Amino acid sequence: MLLEPIDWACIFAFFAVSLIVGLAVARRAGKSSSEFFLSGRDMPWWLLGMSMVATTFSTDTPNLVTDFVRQNGVAGNWAWWAFLLTGMLTVFVYAKLWRRSKVLTDIEFYEIRYSGPSAAFLRGFRSLYLGVFFNIMVMAMVSLAAIKIGGVMLNLKPIETIAIAAVITMVFSALGGLRSVLLTDFLLFIIAMAGAVVAAVIAVRHEAIGSLANLLDHPAVQGKLSILPPFDFSSKESANLLVSVFLIPLAVQWWSVWYPGAEPGGGGYIAQRMLAAKNEKHAVGATFFFNVAHYALRPWPWIIVALASLIVFPTLDSLRQAFPNVDPNIVKHDLAYPAMLTFLPHGLLGVVLASLIAAYMSTISTHLNWGSSYVVNDFYKRFVNPQASEKTLVRVGRISTVLLMLGAAVLALELQSAVEAFKILLQIGAGTGLIFILRWFWWRINAWSEITAMVVSFLVACWFQFVHDRVGLPALESWQVLVLGVAITTAAWLLVTFLTRPTERRTLVDFYRLVRPGGPGWAGVVRDAAFQADATESDPLAWDVPRGILCMVLGCIVVYASLFAIGSWIYANYAPAVILTVSAIVAAALLIKVWSRLRME
């Protein structure tokens, strides 16, 4: 496509604003590592929540949703909708605990919760494993989407797209630290959301469709509209669909799998935002806002474009024929989203392209800052140069930002499909989720528990990815691989937990006094003689988990009812739409009442 001056004006205006923000806060960001990575720990809930949702509003997300819809219908989105459960658990149980820990990164948590050389090893290894390996994988997924958008909409070669995207994002991220990320995320989310809505409106007006009613009545779309998969076990195909996209995500995946942005118990850049909050109330409010916006507000514009693509580009061959200059190896179902954007008129094309660039920069800048915080605080400062000055730490942070972006760019050139990378990440994290939930409330979990979970889950993932099929074993469905990974990993870390020594009692007592998790899982520690002189156990903030779980349930009802209500209104199913809307309102009223009784500082 050839862009006209008005399109370029929209894009350059966005770049200019982003760079101005980065330059404006660069000096303040360079004062200290806490300022560079946590913005001084004084951020309000609304800005942090907006940043969280902007970060997950990436270029690969609409592509991923499009892939789900084209292959498994709207119901295919349960593969990620199920993560709302762990998201709401983080809101009402773990957000305030993270804020109380006062760590700079969630990796630093290991040496306040565990003790000895194993805790130090876990902190150092995880800082590189997550901050470098996992982080580069996620950024590569996002960059793969940018490659597809650049190839379809601008006829750019992969290396050209990556070069442009990497340079711009590296400069922006290295200048202003987290504060610049948060400030620009506010603008980025508004632009990205507006672009998604505009794209949906234009998609249904395509000459092959004409209107929303025509879209919903089209034979190519009719079988894809259901929000729930058919509860049909009459055939292997339908039963597998039900189990893989609905039952397993809701029954197993949400609590057992570690995935960036949806970590059980919170973690990663979500924890980074909670740690940057003014206080516990702002940490909880930010995380709640994120989950509402992420799951209830954003999906439908992407879903509408995905449904429209089934009419305009019904097969992969039709996509290949429409875009012969795009590498055939990367022409998968996720390419259909950027393909639909090629029908945008000039002016709007510039706005939507700017929104996609905004989505890309928001996600990448967050991951660069987050990954760099691990490299600097949990590896360089902890193990390489403990006496490093704050200026040195900021300088190392900026250097690591550049190197992480280069690594992601190289890997992105090797990937082919967003869903492929999504499944690999899920499998690598399979079985580790439960340990991240329980480690706050069960004193017996130790550093060796986490080391075992991390190693076993990785080895199991490698087995199924590279070995299982090659040695002649029966082929397994993806959900079967996931369940086996969860079972093997969970059994392994539980066994090691009981076979190894527990964390030193002094460390456990100090952790309990600092975080005050409460509950029966800490009864043995509370009874310890070293604890008796302290009055923390009588602190009313100590144990509020049952009420938090009730808030979690009500929060899930609010979000799911809102998500389905919006879909029902779009489908013109007015009776269900009214019932779901009323349900969301009633659940919201109950949530507000229970939430007000949660104990927070």
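Pairwise alpha-carbon distances in region 456-533 exceed 22 Å for 50% of all pairs. For region 290-330, the spread of Cα positions along the three principal axes, ordered from largest to smallest, is 39, 21, 11 Å.
Residues whose amide H lies under 5 Å from that of residue 430, counting only those 5 or more places away or on a different chain, are 258; hydrogens are built 1.01 Å from N in the peptide plane.
Comparing region 559-601 with the 2.2 N^0.38 Å rule of thumb, its C-alpha radius of gyration ratio is 1.45 (two decimals). With the convex hull drawn over the C-alpha atoms of region 306-400, the volume per residue is 148 Å³. Taking every Cα-Cα distance in region 137-280 and sorting them into 10 Å bins starting at zero, the pair-distance distribution P(r) comes out as 8, 19, 29, 30, 12, 1 percent. Computed over region 94-181, the percent of Cα pairs more than 20 Å apart is 57. As a quick test, which of the pairs 102/391; 157/236; 148/281; 332/381; 278/332; 278/381 have an alpha carbon distance above 32 angstrom in this structure? Pairs exceeding 32 Å: 157/236; 148/281; 332/381; 278/332. The share of accessible area on the chain that comes from carbon and sulfur is 67 percent, using a 1.4 angstrom probe.
Using every Cα-Cα pair within region 206-308, state what percent have a distance larger than 18 Å. Every Cα pair in region 206-308 considered, those over 18 Å come to 67 percent. Each distinct pair of alpha carbons in region 263-353 adds a 1/r term; the inverse of their mean, the Kirkwood radius, is 16.3 Å. Accessible surface calculations at 1.4 Å, restricted to protein heavy atoms, place region 65-191 at 24 Å² per residue. For region 360-403, the average shadow cast by the Cα convex hull is 2.9 nm², which is a quarter of the hull's surface.
The values are calculated or read from the model by the stated rules, or taken from the named source; none is laboratory data. Just so it is clear, the structure is predicted and the values come from calculations on it, not from any experiment. When the accessible area is computed, the model is the full protein with side chains, heavy atoms only, and any ligands, DNA or RNA have been set aside. Shrake-Rupley method; radii C 1.70, N 1.55, O 1.52, S 1.80 Å.
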